[in-house]
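**Student:** So that we are looking at the same thing, I have put the structure below in structure tokens.
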Amino acid sequence: MQYRKLGNSGLSVSALGFGCMRLPVSECGNSGVNTDEASRIIRYAIDNGVNYIDTAYNYHSRQGENAVGKALADGYREKVFLATKCPVWLLESPDDFDKYLSEQMDKLATDHVDFYLLHSLNENLWDKAKKLKVLDSMEKACKRGLIRHLGFSFHDNFDVFREIVDAYEWTLTLIHLNYVDDYYQAGLAGIKYAASKGLGVVVMEPLRGGKLAQNVPHDVQAVWDKAKIKRSPAEWGLRWVWNHPEVSCILSGMSSMDQVIENVRIAGNAHPGSLTGEDLGLIGEAKSIYKDRIKIPCTECNYCVPCPNNVAIPDVFSVYNDFFAYGAEDSSKENYAYLKKVNADPAACIECKKCEDLCPQHLPITHHLKEAKALFEDSGK
């Protein structure tokens, strides 16, 4: 495993971190984590050098931290840096901070959290955190030994990002970055600015929620086939992020042993500056193709659900994007029809726009739902 410095913290973290947003699930759905399989793949990752485990309060319908706690039993907790996040959007008073932190530590079966991040900060949530004096609460928890280091995850524009970076002596930040979204939100400018201020940079969505690794369009695969060194689409995506010296760690939301094995292998030698000019040119070609194909930039973070009318918003958007981006027209039609059967019909949207308030990507969700309905129903396709 390759290890990198975490900013100016004096700590070294594995280049590959285990993101626990997409753990293997049982037949009962997203909230039903298959804890045995999750433990197996998380422990394999740790046994093979991964020392950064990331989760959050809301992952897997608030059951993700329980699964992580079980995976880190039997001595595995002592082998890793454990990161989780404060659900700022749920805080109503300063006292709520301690309530949620205590609940999270109980679920994780730990007496401390190594990295505690303000989750999914944007301009509004940052203002809320300041009004509720959340940083004061975080510092008090640090003095009590409950938290070792502070950070924030981010979903807004670069100007807001710079303001938050400059507001406090953070240890790390968690940023959305991949070769398609290189200038999206904080983007490349964000990782450079954070690193210049001494923050460790952890990257989420390096494969855009798996979209850059699965069901690769023929024209994108044709680009990869031109390369002298043959790599999987996932490897191309991960290597692009690791190529940046500012990046300390990549979080990969791994849900199978095959994914863990492949990513551990890649992480071993994907060093900064290791991609050639020819490699970067091919990645640029693939980026252009995807940019032209992707219609809705949804990363399936699931912050927008549950919908009051049971519209499965990320699933609808996934089907819509698959139709265009991955040449999956027949399967997209079938999947859309299935979603309607399970009461996820986009037509059920009442335009309350609660989902838009929660969306880290600030997508016009109600408008996109109408587009999906028009594609699969109104057009007769």
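The values are calculated or read from the model by the stated rules, or taken from the named source; none is laboratory data. For clarity, every value in this text was computed on a predicted model and none was experimentally measured. Here Cβ is always computed from backbone atoms with ideal geometry, including for glycine, and neighbour counts include all displayed protein chains.
**Student:** Counting only residues that are in contact with an Asp or Glu (Cβ under 9 Å, 6 or more places away or on another chain) and modelled with pLDDT of 95 or more, which one in the stretch 159-174 is nearest to MET21 (Cα to Cα)?
**Tutor:** LEU174
**Student:** Checking TYR183 against (1) in a loop (DSSP other than H, G, I, E, B); (2) touching a residue at least 40 places away in the same chain (Cβ under 8 Å), which test does it fail?
**Tutor:** Condition not satisfied by TYR183: (2).
**Student:** Of everything in the stretch 157-172 that's over 20 Å from ALA83 (Cβ atoms) and either of a type in the set (Asp, Glu) or not assigned by TED's automatic domain parsing to the domain that holds VAL247 (or both), which residue is surrounded by the most Cβ atoms within 10 Å (Cβ to Cβ)?
**Tutor:** Only one residue fits best here, namely GLU163.
**Student:** Further, regarding this structure: Would you mind stating whether TRP224 is among the aromatic types (Phe, Trp, Tyr), assigned by TED's automatic domain parsing to the domain that holds TYR193 and buried (at least 21 other Cβ atoms within 10 Å of the Cβ)?
**Tutor:** Here the answer is no, as TRP224 does not meet what is asked.
**Student:** Something else now. Scan the stretch 315-351 residue by residue and report those that are at pLDDT 75 or above, aromatic (Phe, Trp, Tyr) and not in a helix (DSSP H, G or I).
**Tutor:** none
**Student:** Only one of LYS295, LYS291 is in contact with a helix residue (DSSP H, G or I) (Cβ under 9 Å, 6 or more places away or on another chain) and either under 21 Å from LEU188 (Cα atoms) or of a type outside the set (Asp, Glu) (or both); which?
**Tutor:** Checking each option against the conditions leaves just LYS295.
**Student:** Within the stretch 229-245, restricting attention to residues that are over 11 Å from LEU207 (Cβ atoms) and surrounded by fewer than 20 Cβ atoms within 10 Å (Cβ to Cβ), which residue is farthest from the chain's Cα centre (by Cα)?
**Tutor:** For the stretch 229-245, the residue satisfying everything is ILE229.
**Student:** Now for a separate question. For the stretch 196-220, which positions are surrounded by fewer than 20 Cβ atoms within 10 Å (Cβ to Cβ) and modelled with pLDDT of 95 or more?
**Tutor:** SER196, LYS197, GLY198
**Student:** Considering only residues of the stretch 187-216 that are more than 22 Å from PRO314 (Cβ to Cβ) and aliphatic (A, V, I, L, M), which is nearest to the chain's Cα centre (by Cα)?
**Tutor:** VAL202
**Student:** So how many residues does the stretch 195-211 have that are in contact (Cβ under 8 Å) with a residue 60 or more places away in the chain and not in a loop (DSSP other than H, G, I, E, B)?
**Tutor:** So the answer is 5.
**Student:** Looking only at residues in the stretch 244-255 that are at pLDDT below 95 and assigned to a loop (DSSP other than H, G, I, E, B), which one is nearest to ASN48 (Cα to Cα)?
**Tutor:** MET254
**Student:** Which of the residues that make up the stretch 230-258 are farther than 20 Å from THR173 by Cβ and in contact (Cβ under 8 Å) with a residue 12 or more places away in the chain?
**Tutor:** Scanning the stretch 230-258 gives SER232, PRO233, ALA234, GLU235, TRP236, GLY237, ARG239, MET254, SER255, SER256, MET257.
**Student:** For SER153, only one of the following conditions fails: (1) outside any helix (DSSP H, G or I); (2) at pLDDT below 95. What is its number?
**Tutor:** (2)
**Student:** Which ones in the stretch 1-41 are free of Cβ contacts under 8 Å to residues at least 60 places away in the same chain and within 17 Å of GLY268 (Cα to Cα)?
**Tutor:** TYR3, SER12
**Student:** Using the structure shown, decide if VAL241 is among the hydrophobic types (A, V, I, L, M, F, W, C), modelled with pLDDT of 95 or more and in a loop (DSSP other than H, G, I, E, B).
**Tutor:** When the stated conditions are applied, VAL241 does not pass them.
**Student:** If you go through the stretch 319-340 one residue at a time, do you hit one that is among the small types (Gly, Ala, Ser) and exposed (fewer than 14 other Cβ atoms within 10 Å of the Cβ)?
**Tutor:** Scanning the stretch 319-340, I find at least one residue that is among the small types (Gly, Ala, Ser) and exposed (fewer than 14 other Cβ atoms within 10 Å of the Cβ), so the answer is yes.
**Student:** Something else now. Are any residues in the stretch 298-334 of a type in the set (Asp, Glu) and in contact with a Ser or Thr (Cβ under 8 Å, 6 or more places away or on another chain), and if so, which ones?
**Tutor:** GLU300, ASP322
**Student:** Which of the helices (runs of 4 or more DSSP H) contained wholly in the stretch 54-128 include at least 1 residues that are over 21 Å from the mean Cα position of the chain (by Cα)?
**Tutor:** Where helices (runs of 4 or more DSSP H) fall fully within the stretch 54-128 and carry at least 1 residues being over 21 Å from the mean Cα position of the chain (by Cα), they are 64-71, 95-108.
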